[in-house]
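To keep things clear, I will list the structure first and then write my remarks on it.
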Amino acid sequence: MNVAVLGAGAVGTSVVELAGEYGHDVVAVADSSSAAVDDDGLDAAAILEAKRSGGAVGDAAPEAAFDAAYDVLVEATPTTLGDAEPGFSHVRRALEADRHVVLANKGPVAERYEDVRALEADSAGTVLFEAAVGGAIPVLSTIADLNGQVTAARGVLNGTANFVLSRMAAEGLGYEHVLAEAKDLGVAEADPSFDVEGTDAALKCVILANVLYQETYTLEDAEVEGIADLPGSALELAAEDGRTIRLVGEVSDGRVRVGPRLVPENGTLAVSGTLNIVQLETTHAGRLNISGRGAGGPETASAVLADIGRLPPAGRN
Amino acid sequence: MSDAGTRSYTVRLELVDEPGELLGALEPIADSGGNLLSIFHERGNVTPRGRIPVEVDLEATEAQFETIVDALRSSGVNVIRAGTERYSEELTVVLVGHLVETDLSDSLQRFRECGGVSVADLSLSAPAGTEAPSSARLRLVASEGRSSKALSAVREVAAEKGLRVVEPLTEGSA
């Protein structure tokens, strides 16, 4: 398929880099300031080099990406809350042009799920968003394969928060100390509030709720509590009792909740480091656990490319 | 267990130190057909709230026992613990915040007051004294079906006092 990539961060550039391996051509790449477009296929190496050296991805205006002969738009711009712009408008433009959309951006499917589904209904294009939940972990495709059998989902869906909690528990270090370390390692961003306040995990749970219940949830419907400033003594007390604390998101009985939870120290949910895990409760298949890398450029790009492989033949005329 | 489903239970009560209190507390046991085995009246041992703990051993069927405990509670007798077998559910939470300054014993008392709930174990950790937030691990035991009520009480008190609650996962998950 011909792929247009919007967003040239870690995920976007990895999609550009790996698309060829999956048999796809990248015909457009755009970030917020410029675009590179070539209907015969762009040279991935040249784009990556331009981006790495701090330059523009191309010499066209970002808008030009929409004029390319693409079959699928990969939306990998940063997640925004509320109106989910500019991601939502990107999705709209592609669907109105009867193209497919694959999202890594959580905003449109967490905050405006109903709008996205309405646009999709009027379009020949299809929307998929595996990469928005759990990075490399095939969560949404598993749910789709289970055909309505999944009754509840829970899991550890933020690697930064999990890294902080597992380091605090393992080393007996304080919150601020571990957070600083996480920033040094590139595990936490300079402003980690999205991760440690639970917002990122909550968005993923909202998306899961939208998929499981076929209703429209937004971040406002989620009960969210983060792990910021959790004292080490809380983890020590949990450990004395054979437990530990993880930032767990739960989607069950129509509710979406994210918060620090006590889990068995050596239990399934107590993954360590930046790993993520998702547990699905099913009607006939019992409980399924899927864990893996929940973030990272190539990891998340692999989910984007898997979605592209699942798309029906091109919607483009 | 003896015949007709009768079994022995231990009930721990708190009584006000006034004449007639003990007799009043024992009446529901006889009235409901329970068989009184022993009474341990700890007169020398006063609870923090100035009451006297009394431990009563009795034999009754499960239905009789339910009636007895309900009757004791409705007559205003504080039932602290009603036979360990009644506490079939357990709930561990960690509370974080200014626990001591927000009156920990009041918090614990309010958890107990929601009925069928008892505080089985408490560990407090305040490594930085009263300046920084402290943490407490709390094990609550509850009679069947009461643990969600206990959790609601914990959430309510915590919200009111500005404490954070690290809850266990919902039932059935691990």
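The values are calculated or read from the model by the stated rules, or taken from the named source; none is laboratory data. The shown structure was predicted, so the numbers you read here are calculated from the model rather than taken from an experiment. Ideal geometry is used to build each Cβ from the backbone, glycine not excepted, and the neighbour counts take in all protein chains shown. Areas reflect the complete protein model, heavy atoms only, side chains present, ligands, DNA and RNA absent. Shrake-Rupley method; radii C 1.70, N 1.55, O 1.52, S 1.80 Å.
Structure above, values below:
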item: Check on B:Ala30, surrounded by fewer than 13 Cβ atoms within 10 Å (Cβ to Cβ) and assigned to a helix (DSSP H, G or I); result: yes
item: Residue among B:Ala136, B:Ala128, B:Ala159, B:Ala120 that is within 9 Å of chain A (Cβ to nearest Cβ) and open to solvent by 20 Å² or more (accessible area, probe 1.4 Å); result: B:Ala128
item: Failed item, numbered, when A:Leu311 is tested on (1) farther than 19 Å from A:Leu146 by Cα; (2) open to solvent by 10 Å² or more (accessible area, probe 1.4 Å); result: (1)
item: Test: residue in the stretch B:55-65 that is in the same structural domain as B:Tyr9 (by TED's automatic domain parsing), farther than 19 Å from B:Ser32 by Cβ and either among the hydroxyl-bearing types (Ser, Thr, Tyr) or over 18 Å from the mean Cα position of the chain (by Cα) (or both); result: no
item: Enumerated strands (runs of 3 or more DSSP E) restricted to the stretch A:194-290, each holding at least 3 residues that are over 23 Å from A:Gly135 (Cβ atoms); result: A:255-264
item: Which listed residue is in a strand (DSSP E or B), over 22 Å from A:Glu236 (Cα atoms) and more than 14 Å from the chain's Cα centre (by Cα), from A:Ala153, A:Ala124, A:Ala118; result: A:Ala153
item: Number of positions in the stretch A:115-128 that are open to solvent by 10 Å² or more (accessible area, probe 1.4 Å) and either in contact with a helix residue (DSSP H, G or I) (Cβ under 8 Å, 6 or more places away or on another chain) or under 27 Å from A:Ala295 (Cβ atoms) (or both); result: 8
item: Selection count where residues are under 19 Å from A:Asp59 (Cα atoms) and out of contact with any strand residue (DSSP E or B) (no Cβ under 7 Å at 6 or more places or on another chain), scope the stretch A:20-35; result: 3
item: Residue within the stretch A:150-169 that is modelled with pLDDT under 95 and surrounded by fewer than 15 Cβ atoms within 10 Å (Cβ to Cβ) present; result: no
item: Unique residue being more than 26 Å from A:Gly286 (Cα to Cα), open to solvent by 10 Å² or more (accessible area, probe 1.4 Å) and either in contact with a Phe, Trp or Tyr (Cβ under 6 Å, 6 or more places away or on another chain) or within 14 Å of chain B (Cβ to nearest Cβ) (or both) when the list is A:Gly186, A:Gly242, A:Gly174, A:Gly198; result: A:Gly174
item: Criterion (within 25 Å of B:Cys114 (Cα to Cα), within 18 Å of the chain's Cα centre (by Cα) and surrounded by 17 or more Cβ atoms within 10 Å (Cβ to Cβ)) met by exactly one of B:Val69, B:Val16, B:Val46; result: B:Val69
item: Residue under evaluation A:Cys205, criteria (1) crowded, with 24+ Cβ neighbours inside 10 Å; (2) away from chain B (no Cβ under 14 Å), criterion not met; result: (2)
item: Check on A:Val133, aliphatic (A, V, I, L, M) and either open to solvent by 30 Å² or more (accessible area, probe 1.4 Å) or within 30 Å of B:Ser134 (Cα to Cα) (or both); result: no
item: Count - residues of the stretch B:109-153 that are part of a strand (DSSP E or B) and in contact with a His (Cβ under 8 Å, 6 or more places away or on another chain); result: 1
item: The stretch A:1-22: number of residues that are open to solvent by 30 Å² or more (accessible area, probe 1.4 Å), farther than 16 Å from A:Glu299 by Cβ and either part of a loop (DSSP other than H, G, I, E, B) or touching a helix residue (DSSP H, G or I) at 6+ places or on another chain (Cβ under 6 Å) (or both); result: 1
item: Residue in the stretch B:82-98 that is part of a strand (DSSP E or B), open to solvent by 40 Å² or more (accessible area, probe 1.4 Å) and within 14 Å of chain A (Cβ to nearest Cβ) present; result: yes
item: Residue list for the stretch A:168-193, filter: in contact (Cβ under 8 Å) with a residue 60 or more places away in the chain and assigned to a helix (DSSP H, G or I); result: A:Met168, A:Ala169, A:Ala170
item: Matching residues in the stretch A:48-74 - criterion: being among the basic types (Lys, Arg) and in contact (Cβ under 8 Å) with a residue 40 or more places away in the chain; result: A:Lys51
